[in-house]
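What follows is calculated from the coordinates using simple rules that are stated; it is not laboratory data. Everything numeric in this text was worked out from a predicted model, so none of it was measured. When we count neighbours, we look across all protein chains shown, and the Cβ atoms used for this are built from the backbone with ideal geometry, even at glycine.
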Amino acid sequence: EIEHEDLPLVHSDLDRVGFFQGTLHGDKSKLSVILQMWGGEHRRFLERLVEHCV
């Protein structure tokens, strides 16, 4: 889970292979997702979050 103002995501970011039970609150302030696999797409997803939240 991550909480931060205006996360740089859309719901379709959580509908990809390897993402499980992804939810993004309507105001984009909270994200919850389970990563079931690891690859380049998952790494880029986390990099986007880190860049935005730091």
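Report, by residue number, each residue of the range 28-41 that is more than 9 Å from the chain's Cα centre (by Cα), more than 16 Å from CYS53 (Cα to Cα) and not aromatic (Phe, Trp, Tyr).
ILE34, LEU35, GLN36, MET37, GLY39, GLY40, GLU41
Select from the range 1-15 the residues that are touching a strand residue (DSSP E or B) at 6+ places or on another chain (Cβ under 9 Å), in contact (Cβ under 8 Å) with a residue 24 or more places away in the chain and among the charged types (D, E, K, R) and write down the one among them that is farthest from ARG43 (Cα to Cα).
GLU3
Among the residues of the range 16-26, write down those that are free of Cβ contacts under 8 Å to residues at least 12 places away in the same chain and either in a loop (DSSP other than H, G, I, E, B) or of a type in the set (Asp, Glu) (or both).
HIS25, GLY26
Does the range 29-41 contain any residue that is part of a helix (DSSP H, G or I) and surrounded by fewer than 11 Cβ atoms within 10 Å (Cβ to Cβ)?
yes
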